[in-house]
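**Student:** Quick one: structure below, then a few questions.
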Amino acid sequence: MALLSCCLATTLATAGPLDAGDSTCPVVPRPLTYQTTGGEPFCLTAKTIIAADEALLPQAEWLSQALAAPTGWDLAVRTGSKGQICLRIDTVAVPKPEGYRLTVHKKGVRVEAHDAAGAFYALQTLLQSLPAAVHGERRCAPGLWQIPALEAEDAPEHPWRGFMLDAARYYYDKSFIMKCIDMMALYKLNKFQFHFIDDCGWRLESKKYPRLTEVGAWAGSNEKRIGGFYTQDDIREIVAYAAVRGVEVIPEIEFPAHILSAVVAYPWLSCTGMQHEVPEQHFISRDLLCPGNPQAMQFLHDILDETMELFPSKYINIGGDEAVYTRWEQCPKCRALMDREGFTQASQLQGWITNQVALWMQAKGRTVMGWEEIVMRGRVATPVVAVMWHEPKDTTEVVSEGHQAVIASCYYNYFDFPESGTPGEPQHAGWCPPISLEKAYATPLPDYAPTSAILGVQACMWSDQFIHGKALQEIAYLDENRSEQYVEYFLYPRLMAVAEVGWTASHLRSYDDFLRRLSAQYARLDAKSCNYRVPEPAVVRLEENGGQFTYTLSPTVEGAELRYTTDGSYPTIHSPRYTGPVTVARKSDFMAIQVVTPTHYSLPLLTPPDYSAYAAYGQMTAQWQPLTVQPMLSPWRFECTGKVSGNGHYTLTFIPQRGVNSLQLETLTVRKRDEIIATASPERQADGTTAYTFSVETFEAGTPFYIEVQACGQGGNDTSGLVFLRKD
Ligand code: ACM
Ligand code: ZN
């Protein structure tokens, strides 16, 4: 721990915008100001009374309940101002929405809030100022509940701090949905996009269209049946639970694509009327809702009406992503509609539906939102909110057409991508590169002003890996809870990074200071029985001296210990304990893990090979070694998902490194799943490498890509080398 404090001392000295008082701040996301005043602390006792304005009674009750298990007390809640903990609305003292002022001194706790959300957030800051056990179920000794004297003033920079959970590809129990909302609330996230409709399942009960859940919520048959749905009572319970916590639950009714589950229940919704089955594997259907069919449009109207009755949210999300229009092009009803409207392209029909729905919603006082396609495929006249899931910079175009945007980028905020490429990460999405915690923290989000069109940021957790993931779906029958733990592994700590990006203005954000505060948050996650990815140890210093390398590490989880190896082997919890700098001959000889408990520890910190000398050849994609080289021409297949990143021209280069018997290379095929989309022949290059060039014209995000090449060793199999892929 001495090392940690030494490292933090340097960090804080260079962090710039944070003044000295703030270095005592334990809170994530970082408040505007937070100062411990050095006075005597306030001690909670069994006699503490929580007094609140009438409007804040739900939040006061929430606090009493939150404290009940860890303290064993049932703190009284009263209307008014006579209590040691006092919650008041004061929109003059606290002018910003969701803002609060929090004062703690020996005699009591005072909260002034702009609104109920602000009061709730003050209580989160209060709890994060107490020991981590305050979040747990276990009753602790009464002496623990001392809150340091402090003054904090706070309000969010952005009005949109979101989280999307894909409960369509994998059905999460209602209790897990509520746990997610609870965790969002702890980190002051306020918009929950409930993605509960997709090709693989319809999970919202409808009274008017009961087959949506009788049929559309289930895949497989008999004892292998998987799925589930939320009843209308479940939804009311979730919405009310979220409301106390300042979280708006936004339903996502996906159309025109990603709606196969409804088409299975009511085949007349699609252009062909064909009967399908709810897929058991991840699948993006080409069967869209048929806008040329008035009955299908009436369905949409009815479902949206029923949805609005259940969800009081300002926003209604209509999905809208990834539609491929072949069915519309071939459909007589859709063609007739196109003729009537004077459309030349089927894609214009998507804009046509979006416009209609946006107008219905506007008439009901709601605002339509959806993925970026809703404004990028056809012009939409009514202002809507686009969730930008690719390039944050594309918001410029969206905003110029009068719409608003939320950043939820697959390059920064999609947490079904792993944090690292280290072997040992669980099964994950692979069509984009890993998203490290630091990358998530670097989400490009301009600061907010009341006239800003970019409302904020949102994390997304897709669940298709549970559907087509090899290992996890198989064990889901045996241990349902494992999948929830798997989601939490991917979400934490990155969700806290998104929370801070959305809450804290950019000039107050510092990644190093975030890491300092984060190191104490893991104990809170433990107290809440929330799984997380244990981060690797931090390298404080790496010094080279006389051809040797000296590693100085520090823990990144408060209280954790570090274990290391120097022989290139994978460290375990029984490896030597790190107590001070370690010197090795080669960087790659050293590996270390961080151990929180004997069953919860990190992947190894390791030094990846340095491929910078090959940068001109693109990205490292595969490598061959004597054991993988066959004596006769045989297919060698490797994955290039994520490296094939769009339509265009590519060069694949084989670079021999070792061996006297070279690799014979013949025809190459490029595959999208199993479909061959390109072939190429080898060309020997002057530099001794072998290159193939090919084009990709049917790129689809979220789809795995492979390269297969006919290869063998010529006269022996001692060759090894690297394969790089470059997009030209
Ligand atoms: C998306 O990832 N298809 C929005
Ligand atoms: Zn049609």
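**Student:** Once the Cβ-Cβ distance between Leu542 and Phe699 is put in as r, and R0 is 45 Å, what FRET efficiency do you end up with, to the nearest 0.05?
**Tutor:** So, using R0 = 45 Å, E works out to roughly 0.70.
**Student:** Could you work out how far apart the two model spin labels at Lys107 and Ser529 are, taking each label as a point 7 Å from the Cα in the direction of the beta carbon, and quote it in nm?
**Tutor:** Using points 7 Å along Cα→Cβ, the separation is 4.1 nm.
**Student:** For a label point 7 angstrom out from the Cα of Gln65 toward its Cβ, which stretches of region 238-265 have the backbone nitrogen within less than 13 Å?
**Tutor:** From region 238-265, the list is 238-246.
**Student:** Relative contact order for region 99-254: what is it in percent, counting Cα pairs under 8 Å that are at least 6 residues apart?
**Tutor:** Over region 99-254, the number comes to 22 percent.
**Student:** Sticking with this one: Using alpha carbon centroids, what distance separates region 122-184 and region 543-586, in Å?
**Tutor:** 34 Å
**Student:** Follow-up question, since we're still on this one. For the chain, what is the mean residue ellipticity at 222 nm derived from helices alone (per DSSP H run of n ≥ 4: -39500 (n - 2.57); sum divided by total residues; nearest 500 deg cm²/dmol)?
**Tutor:** So the helix-based figure for the chain works out to -7500 deg cm²/dmol.
**Student:** Any chance you could list P(r) for region 80-180, counting all Cα-Cα pairs in 5 angstrom bins from zero, rounded to whole %?
**Tutor:** Per 5 Å bin, starting at 0, the Cα pair percentages come out as 2, 11, 17, 17, 16, 15, 11, 7, 3, 1, 0.
**Student:** Using all Cα-Cα distances in the chain, what percent lands in each 20 angstrom bin from 0 up to the longest?
**Tutor:** All Cα pairs, binned at 20 Å, distribute as 15, 45, 33, 7, 0 percent.
**Student:** Please give the contour-minus-distance gain from Ala141 to Asp173: 0.36 nm per residue of separation, less the Cα-Cα distance, rounded to one decimal in nm.
**Tutor:** So the extension gain works out to 8.2 nm.
**Student:** Using a 7 Å offset from the Cα along the Cα-to-Cβ direction at both Glu675 and Val399, what is the distance between the two label points in nm, to one decimal?
**Tutor:** In this crude label model, Glu675 to Val399 measures out at 3.7 nm.
**Student:** Please report, in cubic angstrom per residue, the volume enclosed by the convex hull of the alpha-carbon atoms of region 573-667.
**Tutor:** Roughly 211 Å³ of hull volume per residue.
**Student:** Averaged over all directions, how much area does the convex hull of the C-alpha atoms of region 45-86 cover when projected, in nm²?
**Tutor:** 2.4 nm²
**Student:** What is the distance in Å between the Cα centroid of region 687-713 and that of region 228-276?
**Tutor:** 39 Å
**Student:** Now for a different question. Note down the nm distance, to one decimal, between modelled labels 7 Å out along Cα→Cβ at Ala616 and at Glu391.
**Tutor:** It works out to 2.7 nm between the two label points.
**Student:** Leaving out ligands and nucleic acids, and using a 1.4 Å probe, what accessible area per residue does the chain come to in Å²?
**Tutor:** The answer is 41 Å² per residue.
**Student:** For the chain, what does the relative contact order come out to in percent, with C-alpha contacts under 8 Å and a separation of six or more?
**Tutor:** Relative contact order here is 10 percent.
**Student:** With unit charges on the beta carbon (Lys/Arg positive, Asp/Glu negative), name the residue among Val629, Cys25, Ile407 whose Cα is farthest towards the positive pole of the charge dipole of the chain.
**Tutor:** Toward the positive end, the furthest listed residue is Cys25.
**Student:** Of all accessible surface on the chain at a 1.4 Å probe, what whole percent is carbon and sulfur?
**Tutor:** Summing carbon and sulfur atoms, their accessible area is 52 percent of the total for the chain.
**Student:** Calculate I(q)/I(0) for region 608-720 by the Debye formula, one identical point scatterer on each C-alpha and no solvent, and give its log10 at q = 0.18 Å⁻¹ to two decimals.
**Tutor:** Rounded to two decimals, the profile gives -0.96.
**Student:** How big is region 327-440 by the Kirkwood estimate over distinct Cα pairs, in Å?
**Tutor:** One decimal place: 16.3 Å for the Kirkwood radius.
**Student:** Based on alpha-carbon centroids, what's the gap between region 306-321 and region 592-624 in Å, whole number please?
**Tutor:** Here the two parts' Cα centres lie 42 Å apart.
**Student:** Can you list the equivalent-ellipsoid semi-axes of region 208-360, largest first and in whole Å, using the square root of 5 times each Cα gyration tensor eigenvalue?
**Tutor:** Three semi-axes, in Å: 28, 21, 12.
**Student:** Pulled fully out, how much extra length does the chain show between Met274 and Gln630, if you take 0.36 nm times their separation in residues and subtract their Cα-Cα distance?
**Tutor:** Going from the current span to full extension adds 123.5 nm.
**Student:** What is the calculated FRET efficiency for Ala93 to Ala240, with r their C-beta to C-beta distance and R₀ = 30 Å, to the nearest 0.05?
**Tutor:** Step by step, r from the Cβ atoms, then E = 0.55.
**Student:** Further question: Can you tell me the dipole magnitude for the chain around its Cα centre, using point charges on the Cβ only (Lys, Arg +1; Asp, Glu -1), in Debye to the nearest 20?
**Tutor:** 880 debye
**Student:** Also: Want the number for Ser588 to Thr607: 0.36 nm per residue separation, take away the alpha-carbon distance, what's left?
**Tutor:** Gain on stretching Ser588 to Thr607: 6.3 nm.
**Student:** Can you pull a Stokes-Einstein diffusion coefficient for region 281-389 at 10 °C (1.306 mPa s), Rh from Kirkwood over Cα pairs, as a whole number of µm²/s?
**Tutor:** Rounded, D is 109 µm²/s.
**Student:** Can you tell me what share of the DSSP beta bridges in the chain is antiparallel? A percent to the nearest 5 is fine.
**Tutor:** Percent antiparallel among DSSP bridges in the chain is about 65.
The values are calculated or read from the model by the stated rules, or taken from the named source; none is laboratory data. What you are looking at is a predicted structure, and each value in this text was computed from that prediction instead of being measured. Reconstructed Cβ throughout: ideal geometry from the backbone, glycine too, with neighbour counts over all protein chains shown. SASA here: full protein model, heavy atoms, side chains in, ligands and nucleic acids out. Shrake-Rupley method; radii C 1.70, N 1.55, O 1.52, S 1.80 Å.
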